[in-house]
Amino acid sequence: MPDSSETDVDLRHTGETDERETTRRRFVQSGAIGLAMLGVWDVSGVADAKTTQRASMNTALHRPVNKHSFSNGLTGLLQRNQVWTNALPDGYFSDVQNSQAPSVTTVCCSDSRVSQEGMFLGALEAGFLFKPSNIGNKAISIVEGERVVDGDFLYGLEKADSENGVVVGHTDCGAITAAYEIATGKQLNESPGIRQELEVLVDIVDEGLKSDRVDTETKDLKVINQLVEYNVHRQIRFLLDSDAVSEERNLYGFVYDFQGAYEGMRGRTYLVNIDGETDQCQLKQQVPNRYKEFVQSILH
Ligand SMILES: [Zn+2]
């Protein structure tokens, strides 16, 4: 975990514009939140400025925060929110008190292992990330029998005017696994709501299995991980082909890997698609040198 000064140096290397510089300063100013979230900030220090709140804490959080600091159930939720509000720097909501203009709209899988805010440090800046999630990270919904751009995603991208639209799949996705099982003939006894969520994925998985990009002669998990990436591409393709999505949006596809399927760090988002481009060499040309290892694919 880099400290604020490292973040400062790292971002300065990118040589971004003044607008980005403002964003960078906001990051640095609010970096304390991330530190608290990741357990490297002693909460007694956080609470020093808020003595009253600290006194009201009913557990002894006088050590770095980690999952063992909290109770289960309702009390745990209250404790976690107390730590969150104590950790927020002054002015955290100032720029977005009455409106939002998120730079990025992401759709991620709802899987509890996938940190939609964490992977792009969304929590460091209120208003940075618009973030619908669903099982299988779909940007496609079915409305009255027709495939349309998912309303939650479209709201962030077009109504809230995000410059960037991002689809993030993840390794070992249960929704893709279920779609794979259905596509390969297994009968699943899912409730209607879940069946509807899987319908789009079953079509995509079926198509992926028939394509020459997915190696099906391997373990199921490896097939499923390839299908995860394939699904990201199909979601991006649908967005590109839709009239509902403005041409000026940047569209990016990633796979979040917490298993090492891409043979790198756990929690990394691997870039697999930029505006429909999936060629590794082409993608690598579009990222700074030090991020080229973020461009990976397990598809053929
Ligand atoms: Zn999933």
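Just so it is clear, none of the values below were taken in a lab; they were calculated from the coordinates. Here the structure is a predicted model, which is why all the values come from computation and not from measurement. For neighbour counting, all protein chains shown are included, and Cβ atoms are generated from backbone atoms with ideal geometry for every residue, glycine included.
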Could you state the orientation-averaged shadow area of the convex hull built on the Cα atoms of region 199-265, in nm² to one decimal? 5.8
Using label points projected 7 Å from each Cα along Cα→Cβ, tell me how many nm separate S94 and K222, to one decimal. 5.4
Sequence ranges 222-230, 262-270, 68-76, 193-201, ranked by mean other-Cβ count within 10 angstrom, highest first: 222-230, 193-201, 262-270, 68-76
Once both labels are modelled 7 Å past Cα along the beta-carbon direction, what's the R195-N81 spacing in nm? 3.7
Karplus 3J(HN,Hα) series, Hz, for region 157-170 with 6.51 cos²θ - 1.76 cosθ + 1.60 (x for Gly, Pro): 6, 9, 5, 8, 6, 6, 6, 10, x, 10, 10, 10, x, 8
May I ask you to evaluate 6.51 cos²θ - 1.76 cosθ + 1.60, the Karplus curve with θ = phi - 60°, for each residue of region 281-295 and list the ³J(HN,Hα) values in order in whole Hz, giving x for glycine and proline? 5, 4, 5, 4, 5, 9, 10, x, 3, 6, 10, 5, 6, 6, 8
